[in-house]
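Before any comments, here is the structure.
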Amino acid sequence: MIYINNDNIDTLAVRWLILLKRYIEQNNYQQTMLDAIVASSLSHEDKVIAKLVVNRYFAHLDDYILADLKISALIYNIYKYSIDRTILDKRVHSDLHGVLYKQFSDLYDKFTKSKPLFDVTIDEDKKEQERFKNHDIAYYFFKKLNIRTCPYCNRNYTFTYLKVDGKARPEYDHFYGRANCPLLAVSFFNLVPSCHDCNHTKLTKPLGINPYFEGFTSKFKVKYADSKLPLLLEEEIKQENLSIEFDKPSQAEKLNIMHLGLDHLYQMHDDYVMEMIEKARIYRGPMADALSTSFQNAGYTHKDVYDFVWGKNLEIAKHVNRPLSKLTHDILEQLDIHVDDNL
C-alpha cells in the first residue's frame with residue numbers, strides 16, 4: 001500500500017549482493033547445491049535440469065539478486081510455466097521443484113541468519129563491523145532500511161532493535177513466494193519488510209503491488225449512508241454507520257486488498273475515522289483560525305498547529321513512518337482539509 005521511499009535503496013541492494021557473494025564464496029555454496037542434487041533421488045533427466053538451473057543461476061547471480069519489477073515477473077513466469085508447470089492441478093516436475101525449493105530456501109535461511117562478512121580493510125566496513133557485530137544479515141538490513149511501519153498495510157509499527165534485554169524487527173515476506181519460485185528466494189527486491197500479520201495472511205498468495213516500486217494510487221474514502229462526508233459535518237453521525245473503502249482500486253491493488261484482507265482490517269478503524277470527523281467539526285473556519293492564532297502567539301507556526309491536531313508524517317513521502325498515515329491523509333482530503341496546504 002505504501003511506497004518504500006528510501007533514497008539509499010539501490011545502494012543497499014548492491015550491498016546485499018556483495019555480502020551474499022562473500023557468503024556464497026566462503027561456504028562454496030554453488031558446489032554444495034550441486035552435490036545435494038547429485039545425492040538426491042531425482043531421475044537422471046531431472047538431475048541434469050537441476051544442475052543447469054543452479055549453474056545458470058550462479059553465472060547470472062547479479063541479475064537474479066538485483067532483479068527489478070519486470071525481471072522478477074519474467075523469472076517467476078518462466079519458472080511457473082516450465083519447472084512449476086501443472087497439468088490437471090498436478091505438478092509435472094514435482095520432485096525437481098521440491099529439490100530446488102529446498103536448496104534455495106536453505107540458502108535464504110542460512111544467509112539471513114549469518115553475520116555480515118564485512119571487508120575490514122575498508123574504513124567504512126570496519127566501522128560497520130564494530131557497530132553491527134551482534135547483528136545477523138536480516139537485522140542489519142532492516143536497520144539500514146529503517147522501515148517504521150509495514151508497507152503492505154500501514155497499520156503496524158515495524159521497528160528494528162537488538163539489545164541485550166530484547167529485540168524486535170519486521171519479517172521478510174517473499175513477494176513471489178519461495179514455494180512458487182525458489183529462484184527469487186534471496187533476491188533483494190523480492191524480500192519485502194512486513195509485519196507479522198501481513199506476512200502470515202499473505203503466505204504464498206499473489207499480490208499486485210510491490211512496495212519497493214510503487215504504492216497505492218487508490219485513496220481511502222468514507223461513506224455514510226452513501227453520502228459524502230463534507231456534507232455531513234453539521235449532522236449527527238453514528239460510528240456504526242460509517243464504511244471505509246478504497247476508491248476505484250486498480251486490478252493490481254485489488255489483489256493486495258483481497259489477499260491481505262485490507263478491506264476488512266480498515267473497516268475496524270471506524271473509531272479512528274469517527275475521531276477525525278469530530279476534530280474536523282472543530283478545526284475548520286473561525287475555530288481553526290483562532291486555534292492557530294493562539295498557538296502562533298506562543299511561538300508555534302501554522303504547520304506546528306496542524307501537526308498538533310492531525311499528527312505528523314502525513315506527506316505521501318513520509319507515510320511509511322507512521323501507522324494509518326495514508327488513511328489520515330486521504331480522509332482529511334475528503335474532509336476538505338488538505339495536507340499540502342499546511343506544509
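The values are calculated or read from the model by the stated rules, or taken from the named source; none is laboratory data. Model, not experiment: these values are computed from the prediction. Here the Cβ is made from the backbone with ideal geometry for all residues, glycine too, and neighbour counts use every protein chain on show. With ligands, DNA and RNA removed, areas are computed over all heavy atoms of the protein, side chains included. Shrake-Rupley method; radii C 1.70, N 1.55, O 1.52, S 1.80 Å.
Summary table
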| read-out | value |
| --- | --- |
| When residues of segment 16-51 are limited to those that are without any contact (Cβ under 8 Å) to a residue 40 or more places away in the chain and among the charged types (D, E, K, R), the one nearest to residue 117 (Cα to Cα) | 25 |
| Any hit, segment 118-135, residues being modelled with pLDDT of 90 or more and touching a Lys or Arg at 6+ places or on another chain (Cβ under 6 Å) | no |
| Cβ pairs under 6 Å, 6+ apart, first in segment 309-337 and touching a residue at least 40 places away in the same chain (Cβ under 8 Å), second part of a loop (DSSP other than H, G, I, E, B) and among the aromatic types (Phe, Trp, Tyr) | none |
| Conditions (1) part of a loop (DSSP other than H, G, I, E, B); (2) closer than 17 Å to residue 323 by Cα; (3) open to solvent by 70 Å² or more (accessible area, probe 1.4 Å); number of the one not met by residue 197 | (1) |
| Test: residue in segment 221-244 that is assigned to a helix (DSSP H, G or I) and modelled with pLDDT of 95 or more | no |
| Failed item in (1) in contact with a Lys or Arg (Cβ under 9 Å, 6 or more places away or on another chain); (2) at pLDDT below 85, with residue 269 passing the rest | (2) |
| Residues of segment 21-71 satisfying the condition of being among the β-branched types (Val, Ile, Thr), under 30 Å from the mean Cα position of the chain (by Cα) and surrounded by fewer than 18 Cβ atoms within 10 Å (Cβ to Cβ) | 71 |
| Strands (runs of 3 or more DSSP E) contained entirely in segment 114-193, each with at least 2 residues that are out of contact with any Ser or Thr (no Cβ under 8 Å at 6 or more places or on another chain) and either surrounded by fewer than 23 Cβ atoms within 10 Å (Cβ to Cβ) or of a type in the set (Gly, Ala, Ser) (or both) | 161-163, 166-168 |
| Some residue of segment 249-266 being within 30 Å of residue 203 (Cβ to Cβ) and either of a type in the set (Ser, Thr, Tyr) or at pLDDT below 90 (or both) | yes |
